[in-house]
1. Tell me which of Ile193, Leu149, Asn243 sits at the most positive position along the dipole axis of the range 132-252, charges placed on C-beta atoms (Lys, Arg +1; Asp, Glu -1).
2. Treating the range 98-179 as a set of equal point scatterers at the Cα positions, no solvent, please give the Debye-formula log₁₀ I(q)/I(0) at q = 0.24 Å⁻¹.
3. Using the structure shown, select from Lys184/Lys223; Lys88/Lys212; Lys109/Lys240; Lys155/Lys212; Lys155/Lys201 the pairs with a Cα to Cα distance greater than 24 angstrom.
4. Using only the Cα atoms of the range 100-252, what semi-axes does the equivalent ellipsoid have when each is the square root of 5 times a gyration tensor eigenvalue? Give whole Å, largest first.
5. Would you mind ranking Leu251, Leu190 by Cβ crowding within 10 Å, fewest neighbours first?
Amino acid sequence: MGASKPPVFNNTAISYLFGTRNDNKILLDVSITSENNDNKIYTNSLVSINDNNYKTVLDLLPTLNKNNQNNQNDKDVFGTLNKDDDNKTVSYRLGTLNDLDQIMYINSKSFYPDEIYDRNTWYMLLNDKTFFVALYDNQIVGYNICCHLPQYHPKEVFDFIYDKNIPKLIMIMSFAVSQNMRNKGIGHGLMQIMLDYFQQKAPIVIGLEARKSNKYAFNLYTKNGFTLHDIELHEYYKIKPENGLFMYKYLI
């Protein structure tokens with residue numbers, strides 16, 4: 001649906017999030033640190049707990065430790081679409097590094113060569129950032145990779161950040177759905193899950209870059225409240241040369 005050019009960047013610190021959604025599900029991103037500074041890693045990434053007695057991160061530790069001992073293939077999900085003709089649903093979750101091969105395959109089938117990332121770039125993006133996957137019949141059928149990479153922005157985006165006095169811009173680096181699963185609402189589902197997640201960090205701005213000719217992506221982003229910046233990214237894409245569009249959405 002849309003992709004930025006492959007970034008070149010140094011290691012950056014992992015960011016953590018703890019928050020609640022309206023349905024009392026707990027969102028936990030990658031890691032938390034307890035009072036004795038003992039760092040805990042949870043590859044499950046997201047925990048769903050319908051219990052209002054949980055007030056702090058520390059209250060969650062016993063449950064998280066128990067969940068982390070379970071089969072890591074049984075990921076908690078936090079969204080579904082309507083069932084299809086085979087009575088199957090599409091579910092969504094935060095991604096893990098175990099998803100890399102399937103994400104790379106979808107990426108390779110969705111974009112031109114200058115928009116396809118190599119394994120090292122993917123590893124850096126997935127290891128240090130926040131991303132979301134859609135699953136159907138236990139297979140990944142879509143992904144949405146989000147990053148904060150201020151050192152990588154093209155000049156037009158730097159100017160936008162300066163002019164609008166944006167404190168932090170989260171970029172959608174790559175966003176795609178498997179060819180055989182398109183036009184089923186999965187792109188919209190991935191977008192809604194991402195926006196819901198980052199709403200917990202508001203105020204924040206979400207941005208993206210896409211080919212000017214990518215009408216499907218433009219329509220999807222517009223329907224989800226993104227605004228088109230009035231300055232195009234000149235000759236941003238080199239293979240099949242084309243200007244890029246920059247779109248953004250405020251979360252407050």
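1. Farthest towards the positive pole: Ile193.
2. -1.16
3. Lys88/Lys212; Lys155/Lys201
4. Listed largest to smallest, the semi-axes of the range 100-252 are 23, 18, 16 Å.
5. Leu251, Leu190
Where a number appears in this text, it was derived from the coordinates with a stated rule and is not lab data. Because the structure is predicted, anything quoted here is derived from the model rather than measured. When we count neighbours, we look across all protein chains shown, and the Cβ atoms used for this are built from the backbone with ideal geometry, even at glycine.
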